[in-house]
Amino acid sequence: MPLPDAVLARPDPPRLTPLGLDGMLVTFSDAMSDAANRAALAFRAEIDAQGWDGVRETATSLCSAFVMFDPIRLPPAKLQARLGEMLDDRNWLAADLPADRTLWTIPASFEGDHAPQLADAAELAGLSIERAVCEICARPLRALALGYAPGQAYLGALPEHWDLARQRDLTPTVPEGAVVTAVRQVIVFATSGPTGWRQIGMTRFKGFRPDDPDRPIALAPGDEVQLRAVSRDELDRLAADPLAGATSEAIR
């Protein structure tokens, strides 16, 4: 039985939105929040754990979970009903994060030309450079979602004073491994490319590893990243290490 039109069209989350003939979006909030991100991650993990016949792929964004399905094997009305039952089953905004995630510790330099816009970002956040680096490295940041480039994770959320607007003009390119920040989030660039975010540091971490058949995408949504401040010289020495000094451990 399909969900009532009022459920599909209601303006307030959680909300189900059909996307084309074979997609369904489950939105938990229209604004980024820790609770909505946890809900999206937990909701997707539950679908994956149940192994529904006809589901081809799942993914998450900052506040939503996406389900791609085979409409022949899993009719849209049946999928809508099952997703609706899941939404009614519990308060997903109070859900715990899924298990079997990974904590990465990644060395980063915040010195010299590794951090060309650190002073600007610190000033906008109302902090000294030293305090800004301490806050960036103070605790693990969750991979809220992946996007823009293969293996590129949006990490957060930082304290509210890091709600920095994007730059008016693009930086033509930042290198792979660059640490950039805006809108209370941090990105470790998985490829080189242009950005409107401010570069505040540098790593040698490779988020996209096309030659690795087992794990070409290093980070997964829900993983956590702890940046560890190192000197410029130490970061250069770590470039010879296969993992550039990064370590990982399971979060159970």
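The values are calculated or read from the model by the stated rules, or taken from the named source; none is laboratory data. Just so we're clear, the structure is a prediction, and the values are computed from it rather than from any experiment. Cβ coordinates were reconstructed from backbone atoms using ideal geometry, including for glycine residues, and neighbour counts include every protein chain displayed. SASA here: full protein model, heavy atoms, side chains in, ligands and nucleic acids out. Shrake-Rupley method; radii C 1.70, N 1.55, O 1.52, S 1.80 Å.
Structural remarks
- Of all residues in the range 223-252, those that are part of a loop (DSSP other than H, G, I, E, B) have Cβ atoms under 6 Å from Cβ atoms of residues that are of a type in the set (Gly, Ala, Ser) and open to solvent by 60 Å² or more (accessible area, probe 1.4 Å), 6 or more apart or on another chain, in ARG252/ALA99.
- Against the numbered list (1) of a type outside the set (Gly, Ala, Ser); (2) at pLDDT 95 or above; (3) open to solvent by 10 Å² or more (accessible area, probe 1.4 Å); (4) under 23 Å from the mean Cα position of the chain (by Cα), ASP22 comes up short only at (4).
- Among the residues of the range 87-107, none qualifies, meaning not one is more than 23 Å from CYS63 (Cβ to Cβ), assigned to a loop (DSSP other than H, G, I, E, B) and touching a strand residue (DSSP E or B) at 6+ places or on another chain (Cβ under 6 Å).
- The residue pairs whose first member lies in the range 87-109 and is more than 20 Å from ASP34 (Cα to Cα), whose second member is of a type in the set (Val, Ile, Thr) and open to solvent by 30 Å² or more (accessible area, probe 1.4 Å), and whose beta carbons are closer than 7 Å, counting only pairs six or more residues apart or on different chains, are THR105/THR247.
- Among the candidates LEU25, LEU103, LEU41, LEU93, the residue that is under 19 Å from ALA145 (Cβ atoms), in contact with a helix residue (DSSP H, G or I) (Cβ under 6 Å, 6 or more places away or on another chain) and of a type in the set (A, V, I, L, M) is uniquely LEU93.
- Residues being assigned to a strand (DSSP E or B) and either open to solvent by 10 Å² or more (accessible area, probe 1.4 Å) or of a type in the set (A, V, I, L, M, F, W, C) (or both) - total across the range 197-222: 6
- Filter result (among the small types (Gly, Ala, Ser), in a loop (DSSP other than H, G, I, E, B) and either without any contact (Cβ under 8 Å) to a residue 12 or more places away in the chain or surrounded by 21 or more Cβ atoms within 10 Å (Cβ to Cβ) (or both)) within the range 154-196: GLY177, ALA190
- THR58 of a type outside the set (D, E, K, R), under 14 Å from ALA145 (Cβ atoms) and not in a loop (DSSP other than H, G, I, E, B): yes
- Checklist (1) at pLDDT below 95; (2) buried (at least 17 other Cβ atoms within 10 Å of the Cβ); (3) more than 30 Å from GLU160 (Cβ to Cβ); (4) not hydrophobic (A, V, I, L, M, F, W, C) applied to PRO2, failing item: (2)
- ARG101 being on the phi < 0 side of the Ramachandran plot and open to solvent by 70 Å² or more (accessible area, probe 1.4 Å): no
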